[in-house]
């Protein structure tokens, strides 16, 4: 999108319900047009970012944009950096993958200049970046004070959203129950309203809530509904389970041990997961894997392995501790888990837990014929330490 509009203040980032807030902001800003520009760039992949920059180049009619060897990101950077071009605001939506910003653009691969270097620090412009990745947010803004975290809505605001999306509420108490079981998550509420609207009059808030309480399979089906939103990017899912599962896939690709930890957490009661139990579970798994490996070795090899392992055992605990802390850090950065004030008890949203369990089930079916380490995490209760909730 490239439309003259008014400008926003400083550089900020939002997370949960991020796209909806950014969309609303962009529309309100455009309505108060005063000759400034607003640009919307989907930042999920580098190709989409470069496509967005080409759209900006066309919108402002950069003279050299159609040359065969035109470096579009550089041209757009220069235009945005020039105060004579007036005020502007750029929204980089769904910037969750750090590689998009750290890797070289296709127009400048020779010197390896990363895309983040094409984000100008300009007095006449503002950049809003929406992301699930808090670590990336810190790196792009340089400070936590420039990060605006947006969590679940207050119940009263959640009710207003449900009413706006589905129409007048006939039973406020039941509606309040619905938004609460949805954890007051805006996308989940909007999705529920779309489902109800699409099936009216055979569906209602009361019927949706009753179906939701029938069991995990029914909840997964309801939360997998994608009713579409013309205001959102066409490639973005409107199903809350899908959006979280995208995060799971990314974490699994970047840090498999963090994905394993989250999968383990999903089998506990979602509230009050003690750190000590998570660590003992990991120790048990590692011990089982070592025992299985030892059985495949002859006795001489076993003695040699044990000797070498004992000589290095002093450093093993510290390495395991570092791995655990880094895994927890990644899960917290993606707002998938939270901790108590002492930092030793974890909690996860019920919808995150449901989404993770369904994703694990899907992964289990897909990998049922393999010997992947994931098989050991699909049924953690084999070790007798998991209390499901």
Quiz item: Do we find that residue 152 is part of a loop (DSSP other than H, G, I, E, B), surrounded by 15 or more Cβ atoms within 10 Å (Cβ to Cβ) and either in contact with a strand residue (DSSP E or B) (Cβ under 6 Å, 6 or more places away or on another chain) or at pLDDT below 90 (or both) in this structure?
Solution: yes
Exercise. Inspect region 32-45 for any residue being closer than 27 Å to residue 335 by Cα, surrounded by fewer than 17 Cβ atoms within 10 Å (Cβ to Cβ) and either modelled with pLDDT of 75 or more or in contact with a helix residue (DSSP H, G or I) (Cβ under 9 Å, 6 or more places away or on another chain) (or both) and give the result as yes or no.
Key: yes
Self-check item: Sole residue being at pLDDT below 80 and in a loop (DSSP other than H, G, I, E, B), chosen from 288, 292, 283, 229
Solution: 229
Self-check item: Residue count for region 192-218, restricted to those that are in a helix (DSSP H, G or I) and at pLDDT below 90
Solution: 2
Exercise. Would you check if residue 79 is in a helix (DSSP H, G or I), assigned by TED's automatic domain parsing to the domain that holds residue 130 and within 17 Å of residue 127 (Cβ to Cβ)?
Key: yes
Exercise. Output the number of residues of region 52-74 satisfying the condition of being more than 18 Å from residue 126 (Cα to Cα) and out of contact with any strand residue (DSSP E or B) (no Cβ under 8 Å at 6 or more places or on another chain).
Key: 13
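This table checks each residue for (1) outside any helix (DSSP H, G or I); (2) surrounded by 13 or more Cβ atoms within 10 Å (Cβ to Cβ); (3) out of contact with any helix residue (DSSP H, G or I) (no Cβ under 6 Å at 6 or more places or on another chain); (4) free of Cβ contacts under 8 Å to residues at least 24 places away in the same chain.
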{"residue": "137", "(1), (2), (3), (4)": "no, yes, yes, no"}
{"residue": "140", "(1), (2), (3), (4)": "no, yes, yes, no"}
{"residue": "158", "(1), (2), (3), (4)": "no, yes, no, no"}
{"residue": "162", "(1), (2), (3), (4)": "no, yes, no, no"}
{"residue": "165", "(1), (2), (3), (4)": "no, yes, no, no"}
{"residue": "169", "(1), (2), (3), (4)": "yes, yes, no, no"}
{"residue": "175", "(1), (2), (3), (4)": "no, yes, no, no"}
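Conditions tested, residue by residue: (1) outside the structural domain of residue 250 (by TED's automatic domain parsing); (2) assigned to a helix (DSSP H, G or I); (3) surrounded by fewer than 22 Cβ atoms within 10 Å (Cβ to Cβ); (4) within 28 Å of the chain's Cα centre (by Cα).
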position	(1), (2), (3), (4)
50	yes, yes, yes, yes
61	yes, no, yes, no
70	yes, no, yes, no
91	yes, no, no, yes
Quiz item: Of the conditions (1) free of Cβ contacts under 8 Å to residues at least 12 places away in the same chain; (2) assigned to a strand (DSSP E or B), residue 129 fails just one. Which one is it?
Solution: (1)
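The values are calculated or read from the model by the stated rules, or taken from the named source; none is laboratory data. Not measured: the values here are computed from a predicted model. Glycine gets a Cβ as well: all are built from the backbone with ideal geometry, and neighbour counts include every protein chain shown.
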